[in-house]
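Peer 1: Once you've had a glance at the structure underneath, I'll fire off some questions.
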Amino acid sequence: MSTVAVERLRKVFNKITALDDVSLAIGRGEFLCVVGRTNAGKSTLLKTIAGLYRADGGRVIIGGRDFTLLPPHKRHISLLFQNIALFPTMTGYENIAFPLRTANVPADAIERRVRSIGQMLKVEHLLNRLPRTFSGGEQQRVAIGRAIIQPGDLLMLDEPLTNLDASIRIRLRIEFKKLHRELAQTIIYVTHDQVEAMSLSDRVAVLDGGRIQQIGSPDDVYHRPVNRFVAEFIGSPPMNIIDADLSEFDGRLSLIGTGFSLPVEESEGQRWRQMKLPRRLAFGVRPERVIVAPGPTNDAPIGAKILWVEHLGNRSIIALRMGEVTLTAVIPPNHPLNADLRAWVGLRPEPHHLLSRETGVFFQLAS
Amino acid sequence: MFGEDKAWARCLKRTAMCIAIVIAFFPIFWLISTSFKPIDEWQKFPPVWISSQPTLQNYRIVFAPKAAQEFAAKQQGAIGYKVSGSAWKAFGDSAVVATAATVLSVLFGTLAAYSIVRFHTGGDSYPFQFLMVRMFPPIAVVVPMVILFSMLRLSDTYFGLILAYTAFTLPFSIWMIRSFIEEVPEELEGAALIYGMRPLHAFLKVTFPLIRGGLLATALFVFILNWSEFLFALTLTTGHVVTVTLQVANYVSASSGKLYGVQAAMGTVSTLPVIFFGYIIQRHLVRGLSFGAIKR
Amino acid sequence: MMTKLKLSGISKRFSGRDAVRDLSLTLGRGEFLSLLGPSGCGKSTTLGMIAGFIPPDAGDILIDGSRVNELSPQQRRIGLVLQDYAVFTSLTVRANLSFGLEVKGLKRGKRRYAVDELARQFDLFDLLDRRGGSLNMSEMQRVALARTLATEPELLLLDEPMSNLDAEIRARLRGELRQLQKSLAQTVLYVTHDQAEALSMSDRVAVMRDGEIVQVATPHEIYYRPANRFVAEFIGDPPLNMIPCDVTADVATTAIALPGGAVLHTSAVPIASGRHWLGVRPHDIELVAEALPGAVPAPLRFVENFGARHVLHAEYAGDLLRIEVVPAARSIGEMLHLRFSTGRVLLIDRTSERVVPFRQLEVAA
């Protein structure tokens, strides 16, 4: 396993810039998740690091060596493709043994390694069969076997769980964490599901439109998003972003929006003034921080109409209309609220969750 | 599909099918039937459907040199020296030319198709440019071809004809093979590359086995085109190279006009190699034919 | 409630395999019912039979009380929305909606006005002149639904309409779809493999497995009172924990011994003594500071950090237990002490795999 550095990587297809000035540094043995929407450039990033695409600009440095111009078969990297790509004319055994065979490892050593991987991934019964007889989950495991049998500098996984049923996805997810601990490899894991990214990674890199939006620990991207995209992408449900005007009346600051008004605590007021905020801005509130009550209270003074309620067993997601604004809130299960009833909400915008309406970037606190 | 077919609809369908079958198979029936007819029945009117005096004379003329010579002697006017021999040379020449041209066409077609699919050579419209070339009626280029061949001293040579056939079937090969290669996800080769294989090796071990059926199907079609080609055979040769099609055309005499029966015999026999070829590869054929057709 | 759809003993066999086996189901007017199950359980086949594309081998399909087995899909007046929505990408939104109305039989003059009304209803008015191919997923879903609902179908069938979408869009579209359905009082049958979708949107959920319906109930019932092990494990994110336990069944009491020492008591229940399972939901496990009665020790192995909550994986009885907690700093390897919320655990019979209901569970001192 090695450190991986990607410096200002650029890749253009026809007229579309798939990767635009992408820079990443991954530590030895780190599990990095690259997360983003479909066509954000995630697969392109992996394939460029693997050497399947030649970069149009920038460098790929692995373990200190510049890999940028090296052909893929000379890099010691494993890539697990989104569509699995098991060799259809070879058996499970031959597929898993493939990297060792091309490296001319002696046959008895191959036999031993394949059997041991087969046991670990519980695919022994598939070794003599062809891939078209495997189920989706089985194909996945055999492909993983092929990817890990020869430990290289880097293991890359391209949306390995995307094509599987939701119930299998939830259970297999932890297997990747276990695999990471057992192999102690540097791993890049790509997905469009931010839940997976949050669950698995040491650090998360959020990619959109070929550009890195933010890299940080799960706590960083969740509690301190850098811009609107990250705030709305990470978290289920995502952060509420609400436009409001900052106004001062009688020495008290408050945020005025269409149909609501939120006073800022006196103790906080000082910090807000120091930030030199514009009048027109927006603020973000995480759904679990929205206080919802069936009747008006001190903490929940603002009236709202309930649009819909999702009962998920371990929690409920509520959509409310507060003035002209739609809010999502998460509350514990077992409550009396239902659609079309009235409820009362309370919000407390944090200073590090204020953002510019024009640029979508969150204002930094004065240190 | 949904609902049940009404009886009259079914009857109509069956009748339409019968008519279509008759129209499609009638020429073949006539060919085989004529090949067994004696000379006086070739052009009789009303037409003789099945001969009452079937004979193998036509086949003898085609295959046995002695019989051909005797026949030629009895005829007045030129049946030319090529025909007083037997048709074996024609079968041989056609076999050589058609096979060689097929192999070359599929080989270059695969190389070109791979390049177009994997590396986007020539841009997005390149395959369509190929198709356009194929749309040219060969007769439009025959005169320049003859002049060109004569300048290059390729007239009436095996190599020349093979070259011409390869060139003209290449767009077709590329177009067909392209669709087969497109069916193989490029991640498959990618996986082979990543796990240590060199590019050419990856193609041979991973992609090639998957397109094999398609290549055979393409080969069959190209072979049929080459085997039955007449125009270039006629214009680009002057007698040294004789294809099956030319041989058939040469069965003509001043006294009896076109020797239909002999032509029919030769025609019937010349379908056999194609049927034979198709039979041995039929297992791959179905897969090859449908493989490219299903658009994802 | 009036019954809109009734399936009675439907079966279908494909090349020697039973895809659907003797399936019966009723759907009330205006109800949103989800057909939930893993891939290959027969849910799409069932949908195909209701729609009329697949003839059932046996059984009756009744819509509004009349048997429709012989009717073609067009005659059944059913709306169908599939995975890819099939919005006509080269036509404008207006043309797409118009298509739906044309199918309904509206003449050209009336159609123009009706399209405007339809667009207003589905919040598509500003998009009327946009090309189908230029819409984003949320807009496409609304167009597909509007077009289908314009035909005023008796029943709307949806086959995994959101499985191709990114996770973040799905959550938003779920709410929109549900709102729409309620405002129109449209009867909907929704096929999915995602339990969160089924739980969040439906009036009732029908869980399918291997061609059969295993349980039909409200989301609340399905979650808190699953009929058997399969349903219990299939529903819930994070998934249910299955803990092996030793049951001693007496005349008047049942004792459930958990690995690690804790023992739970309840009144007599129909279960034989021996090894069985205790099903515990991750958010029904409490972390307690020290070894209290009923608490079991489990070392922490993995932490999943979702920002607003953590899911801890602790080693217990040879497997990993999932615990859903409020975020806090924890270190891998630290010893946790866990207590199970006795009110909501599930006692699962190992042989029959059925959930055995009990009255009240108490921790032995």
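Peer 1: Take the residues in segment A:99-132 that are of a type in the set (D, E) and touching a helix residue (DSSP H, G or I) at 6+ places or on another chain (Cβ under 9 Å); name whichever of them is surrounded by the most Cβ atoms within 10 Å (Cβ to Cβ).
Peer 2: Here the answer is A:E124.
Peer 1: Only one of these is within 30 Å of C:G16 (Cβ to Cβ), in contact (Cβ under 8 Å) with a residue 12 or more places away in the chain and buried (at least 16 other Cβ atoms within 10 Å of the Cβ): C:V303, C:V269, C:V231, C:V263. Name it.
Peer 2: It is C:V231.
Peer 1: Can you find, within segment A:223-235, the residue that is surrounded by the most Cβ atoms within 10 Å (Cβ to Cβ) among those that are at the interface with another protein chain (Cβ under 8 Å from one of its Cβ atoms) and in a helix (DSSP H, G or I)?
Peer 2: For segment A:223-235, the residue satisfying everything is A:F233.
Peer 1: Taking the condition of being in contact with a strand residue (DSSP E or B) (Cβ under 6 Å, 6 or more places away or on another chain) and more than 10 Å from chain A (Cβ to nearest Cβ), how many residues in segment C:158-197 meet it?
Peer 2: 11
Peer 1: What number goes with the only condition from (1) farther than 20 Å from B:F223 by Cα; (2) buried (at least 18 other Cβ atoms within 10 Å of the Cβ) that B:L246 does not pass?
Peer 2: Checking B:L246 against (1) farther than 20 Å from B:F223 by Cα; (2) buried (at least 18 other Cβ atoms within 10 Å of the Cβ), the one that fails is (1).
Peer 1: I'd like the full set of residues that are out of contact with any Leu (no Cβ under 8 Å at 6 or more places or on another chain) and farther than 24 Å from A:N95 by Cα, limited to segment A:55-84.
Peer 2: Listed by number, the residues that qualify are A:D56, A:I61, A:G63, A:G64, A:R65, A:D66, A:F67, A:T68, A:L69, A:L70.
Yes/no matrix, rows are residues, columns are (1) among the small types (G, A, S); (2) buried (at least 20 other Cβ atoms within 10 Å of the Cβ):
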{"site": "C:G9", "(1), (2)": "yes, no"}
{"site": "C:R21", "(1), (2)": "no, no"}
{"site": "C:S34", "(1), (2)": "yes, yes"}
{"site": "C:S39", "(1), (2)": "yes, no"}
{"site": "C:G48", "(1), (2)": "yes, yes"}
{"site": "C:I54", "(1), (2)": "no, no"}
{"site": "C:V68", "(1), (2)": "no, yes"}
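Peer 1: Here is a follow-up. Working carefully through the options B:G109, B:G85, find the one that is modelled with pLDDT under 85 and surrounded by 12 or more Cβ atoms within 10 Å (Cβ to Cβ).
Peer 2: Going through B:G109, B:G85 in turn, the sole match is B:G85.
Peer 1: Given the conditions (1) buried (at least 23 other Cβ atoms within 10 Å of the Cβ); (2) within 14 Å of chain B (Cβ to nearest Cβ), report the number of the one that A:G36 does not fulfil.
Peer 2: Evaluating A:G36 over (1) buried (at least 23 other Cβ atoms within 10 Å of the Cβ); (2) within 14 Å of chain B (Cβ to nearest Cβ) leaves (2) as the failure.
Peer 1: Can I ask one more? Can you pull out every residue in segment B:45-64 that is surrounded by fewer than 10 Cβ atoms within 10 Å (Cβ to Cβ) and without any contact (Cβ under 8 Å) to a residue 12 or more places away in the chain?
Peer 2: B:F45, B:P46, B:S52
Peer 1: Can you name the residue in segment A:153-173 that is among the hydrophobic types (A, V, I, L, M, F, W, C) and modelled with pLDDT under 90 and, of all such residues, is nearest to the chain's Cα centre (by Cα)?
Peer 2: Residue satisfying both the conditions and the ranking: A:L161.
Peer 1: Right, here's the next one. Under the condition of being assigned to a loop (DSSP other than H, G, I, E, B), more than 8 Å from chain B (Cβ to nearest Cβ) and in contact with a strand residue (DSSP E or B) (Cβ under 6 Å, 6 or more places away or on another chain), which residue from segment A:67-81 is surrounded by the most Cβ atoms within 10 Å (Cβ to Cβ)?
Peer 2: Only one residue tops the list, namely A:F67.
Peer 1: Also, I was wondering about something else. Suppose we keep only residues that are within 11 Å of the chain's Cα centre (by Cα) and farther than 29 Å from C:D123 by Cα within segment C:198-214. Which one would you say is farthest from the other protein chains (Cβ to nearest Cβ)?
Peer 2: Applying the filter and picking the extreme gives C:A206.
Peer 1: Pick from C:H337, C:H283: which is within 11 Å of another protein chain (Cβ to nearest Cβ) and free of Cβ contacts under 8 Å to residues at least 60 places away in the same chain?
Peer 2: Exactly one residue qualifies, and that residue is C:H283.
Peer 1: For segment A:46-62, how many residues are more than 22 Å from A:Q82 (Cβ to Cβ) and free of Cβ contacts under 8 Å to residues at least 24 places away in the same chain?
Peer 2: Summing the residues that are more than 22 Å from A:Q82 (Cβ to Cβ) and free of Cβ contacts under 8 Å to residues at least 24 places away in the same chain in segment A:46-62 gives 0.
Peer 1: Within segment B:191-283, which helices (runs of 4 or more DSSP H) (wholly inside it) include 1 or more residues that are over 30 Å from A:R75 (Cβ atoms) and either away from chain A (no Cβ under 14 Å) or not aliphatic (A, V, I, L, M) (or both)?
Peer 2: Correct list: B:208-227, B:231-236, B:244-250, B:260-280.
Peer 1: If you go through segment C:302-326 one residue at a time, how many are under 22 Å from A:H223 (Cβ atoms) and facing another protein chain (nearest Cβ under 7 Å)?
Peer 2: So the count comes out to 7.
The values are calculated or read from the model by the stated rules, or taken from the named source; none is laboratory data. The structure presented is a predicted model; accordingly, all values stated were derived computationally and were not measured. In this analysis, Cβ positions are derived from the backbone assuming ideal geometry, glycine residues included, and neighbour counts consider all displayed protein chains.
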